[in-house]
2 protein chains.
Amino acid sequence: MVGPSRFMSLLSCFELGIVDRLRDSPGLTAAELGDAVGAKPDAVEQLLFLLVKEGFVAYDEKSGGYALDALARVAEGDLNRALRYMNLIKVTALRQLFYLTESARTGTVVGLKELYGAEGTLYDAVADHQDLNDSWLGLMNTVTANIDPWFFGNIDVPAGARVLDLAGNTGLGAIHTYRYKSSPGLRVTTFDLPEKESDALANFRAEGLEEHLSFVGGNVFDEIPKGFDVVLIKHFLDMFDKDDVRRILDGANASLVPGGQVHILVPVYPEDIRSADNYNVDFFPAFFIGCTMGQGGPQKLSVYQRWLEESGFKVTKAVTKDASEIPPDVIPVQALISATKVG
Amino acid sequence: MVGPSRFMSLLSCFELGIVDRLRDSPGLTAAELGDAVGAKPDAVEQLLFLLVKEGFVAYDEKSGGYALDALARVAEGDLNRALRYMNLIKVTALRQLFYLTESARTGTVVGLKELYGAEGTLYDAVADHQDLNDSWLGLMNTVTANIDPWFFGNIDVPAGARVLDLAGNTGLGAIHTYRYKSSPGLRVTTFDLPEKESDALANFRAEGLEEHLSFVGGNVFDEIPKGFDVVLIKHFLDMFDKDDVRRILDGANASLVPGGQVHILVPVYPEDIRSADNYNVDFFPAFFIGCTMGQGGPQKLSVYQRWLEESGFKVTKAVTKDASEIPPDVIPVQALISATKVG
């Protein structure tokens, strides 16, 4: 029950600048902090109680001074990443979750409609709302930068292959494919909605890769282009309910040549849902249903494997990223699944 | 970070009626539950993952059926109280907390202004907004009913005393005083804003106590009526910053005859703020600053004792309710402080 208040008390101490002040000047009192950050000392004292309780900040009864405690030992990069997560949750989820029940009933993101007048998904709304866009893209770029080396380090892309990056947005996945899996004759095609084309082509040119990368516009639920040796599906399947995931997998199968491979990157729930060290279950159902899509959410690795088999694939690899390699503030536990088109 | 999503995933399973259905019909599948509650089976399955993780609900892999697990062993009264708390937090806090930082900077409840166009405090806003009122009053009546027997069982009200219930709202405290501490000649006066008078008098008449109870309208920060043997201050001091708490205590002192007593009921933080079994620190700072008052929050028992001494009192009793007597879903850990006017 205290989840929402704990979350915002902590974030607010960062937003007010209290943590930065204490990093620069350990020992400041509530009165001095209040002056420095423009809040009443009483409010500073109240908000810091939780950080003292958690051992993030130390309080000296005698002097009345505060100093960073555990927070002083967090590397700046880790802290910035954690704050980007917290900002994402604040901006895209905290208020929207109020409408979770209505979202589950209607299959639409009621919170986006109520708060932003937006009819579609979060991915539509980021185009029109700067605050959503900043908070969303800031995190997504971090996630991609952190997970792509692992993903490409664990898949095989044959020399000279024709690769399709399904729902590849504005081409970052295609660029990474070329950088990590370069070979003579390698061609990567980004497939996404037509309105992404100009940005994608500009990105390809900026990287000097326009000869090797191309863009095809379309909708994955209509027809996916055909004749590829490899299809990549990254950060996508978890956005949909089973029916749509199966349609996407069927489409990927049809777009591959016989013996072609699909490589999927997707967050997964643990096989034993009661495992305590995986927070995907604590976060994603409410996030996808109430805040981003009005549907979707990850599945267990074994469920994705079964659905792949139902769509005409033979699974050749299925690995979940080791939780111990993931910083504790990073919620998604990602898995990689490789499968070959049968027959 | 997963606090807000955990909170709403759980509450949403109740709001959708999933828990009630499972109580009536153990073994329903996600598809059957979806039909019954009007949501897509995929969404039901996603939202139930967390309840399975926490052991609240059991899932049978073979049949695909769900049944209440730990939730089946929670008494209905306890569950209803917990749900009232969760509803209070959802309605009065979840969205408002988005604006916590701005509230701390301005000393106003920015969330109420943004979401309801309300300029004042939550206590003002409940008069105009039915959803806030329902969620707030529903809980407050529960809290009062649970804590008043303990409070009155631990204070002494001399026979025939003149008692003032400070900020006594519409008279419930006065009625309880008379019921629990009846004596020949006992007179209890409710002191609160003049607009509460007609409701208070109606409540007194409805109880047949109009001869013993009276109402005086006014503002505690202007002048408190004088000449009382006992002043009660219940559920009030925690709403204010130190300056205002001291003004209230000074006023209570002035309203008492020499040797008169003040009895205070207020939630407190533990003396060792790092104690894990007290959630007041996790909840109240953000709640008072961001959702109800734009200021305030409880203090440690020792701080209230010091402030009472600064206002001319000698503390005669200071007890915190035993945490083991408080149901785990009840956040406030209340304390009782009695003090005598010195000189």
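A compact table of results
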| item | result |
| --- | --- |
| Dipole magnitude (debye, nearest 20) for the protein assembly as shown, charges at Cβ of Lys, Arg, Asp, Glu | 880 |
| A:Asp128 - accessible surface, heavy atoms, 1.4 Å probe, Å² rounded to 10 | 120 |
| Length-normalised contact order for chain B - Cα pairs under 8 Å, 6+ apart - percent | 15 |
| Projected area, mean over directions - segment B:164-293, Cα convex hull, nm² | 9.5 |
| Where B meets A: accessible area buried, both sides, 1.4 Å probe, Å² | 5800 |
| Solvent-accessible ranking of A:Arg246, B:Arg306, largest area first, probe 1.4 Å | B:Arg306, A:Arg246 |
| Computed [θ] at 222 nm, deg cm²/dmol, chain B (DSSP H ≥ 4; -39,500 (n - 2.57); rounded to nearest 500) | -13000 deg cm²/dmol |
| Segment A:91-198 - Kirkwood radius from inverse mean 1/r over Cα pairs (Å) | 16.2 |
| Assigned charges on the beta-carbon of Lys, Arg, Asp, Glu; segment B:229-271 dipole about Cα centre (debye) | 80 |
| Lys/Arg +1, Asp/Glu -1 at C-beta; segment B:122-341 dipole; positive extreme among B:Ala125, B:Ala339, B:Ala145 | B:Ala339 |
| Within chain B: Cβ-based charge dipole about Cα centre, in debye rounded to nearest 20 (Lys, Arg +1; Asp, Glu -1) | 820 |
| Candidate lysines for bridging to B:Lys196, where Cα separation is under 29 Å - those fewer than 8 sequence places away on the same chain excluded | B:Lys90, B:Lys113, B:Lys181, B:Lys226, B:Lys234, B:Lys242, B:Lys341 |
| Residue of B:Ala70, B:Ala167, B:Ala323 that the Gaussian network model of chain B assigns the largest fluctuation, springs spanning Cα pairs under 10 Å | B:Ala70 |
| For segment A:268-280, 3J(HN,Hα) per residue [Karplus equation, 6.51 cos²θ - 1.76 cosθ + 1.60, θ = phi - 60°, Hz, x = Gly/Pro] | 10, 7, x, 4, 8, 4, 7, 4, 7, 9, 10, 9, 4 |
| Cα-projected label distance for B:Asp24 with A:Arg179, points at 7 Å along beta-carbon direction, nm | 5.7 |
| Antiparallel %, DSSP beta bridges [both residues in the protein assembly as shown], to 5 | 45 |
| Complex-versus-alone comparison for segment A:19-58, residues with a loss of 20 Å² or more in accessible area, probe 1.4 Å | A:Gly38, A:Lys40, A:Asp42, A:Ala43, A:Gln46, A:Leu47, A:Phe49, A:Leu50, A:Val52, A:Lys53 |
| Share antiparallel - DSSP beta bridges, segment A:122-341, percent rounded to 5 | 40 |
| Ratio Rg/Rh [Cα only; Rh per Kirkwood] for the protein assembly as shown | 1.05 |
| Residue among A:Ser182, A:Asn278, A:Gly217 farthest towards the positive dipole end of segment A:122-341, charges placed on Cβ | A:Ser182 |
| Inter-centroid distance (Cα atoms) of segment B:98-128 relative to segment A:53-75, Å | 30 |
| Overall Cα dimensions of segment B:2-73 - principal axes, largest extent first, Å | 31, 25, 20 |
| Accessible area per residue, Å², chain A with all protein chains present, probe 1.4 Å | 39 |
| Net charge contributed by nearby residues that have their C-beta within less than 15 Å of A:Arg73 (K/R +1, D/E -1) | -4 |
| Added length on full extension, which subtracts the Cα-Cα distance from 0.36 nm per residue, B:Val342 to B:Ser275 | 20.7 nm |
| Carbon plus sulfur fraction of accessible area for the protein assembly as shown, probe 1.4 Å, in percent | 49 |
| D (Stokes-Einstein, µm²/s), Kirkwood Cα radius, segment B:110-151, 1.567 mPa s at 4 °C | 115 |
| Measure of compaction for segment A:1-146 (Cα Rg per 2.2 N^0.38 Å) | 1.23 |
| Cα centroid separation - segment B:233-271 against segment A:296-328, whole Å | 59 |
| 3J(HN,Hα) from dihedral phi, segment A:68-73, Karplus parametrisation 6.51/-1.76/1.60, rounded to Hz, x for glycine, proline | 5, 10, 4, 4, 5, 9 |
| Total formal charge among the other residues, if their Cβ is under 12 angstrom from that of B:Tyr99, Lys/Arg +1 and Asp/Glu -1 | +2 |
| Diffusion coefficient, µm² s⁻¹, Stokes-Einstein with Kirkwood Rh over alpha-carbon pairs of segment B:122-341 at 37 °C and 0.692 mPa s | 185 |
| Accessible surface ranking that places the most exposed of A:Arg274, A:Arg73 first, with a 1.4 angstrom probe | A:Arg73, A:Arg274 |
| Most mobile listed residue (B:Pro225, B:Pro41, B:Pro285) in chain B, GNM with C-alpha springs under 10 Å | B:Pro41 |
| Cα lying deepest toward the dipole's positive end in segment B:33-119, options B:Met86, B:Ala72, B:Ala43, charges on Cβ | B:Met86 |
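The values are calculated or read from the model by the stated rules, or taken from the named source; none is laboratory data. Computed from a predicted structure; not experimentally measured. Virtual Cβ from ideal backbone geometry, glycine too; neighbours counted across all protein chains shown. Quick note on the areas: whole protein, heavy atoms, side chains included, nothing else; ligands and nucleic acids left out. Shrake-Rupley method; radii C 1.70, N 1.55, O 1.52, S 1.80 Å.
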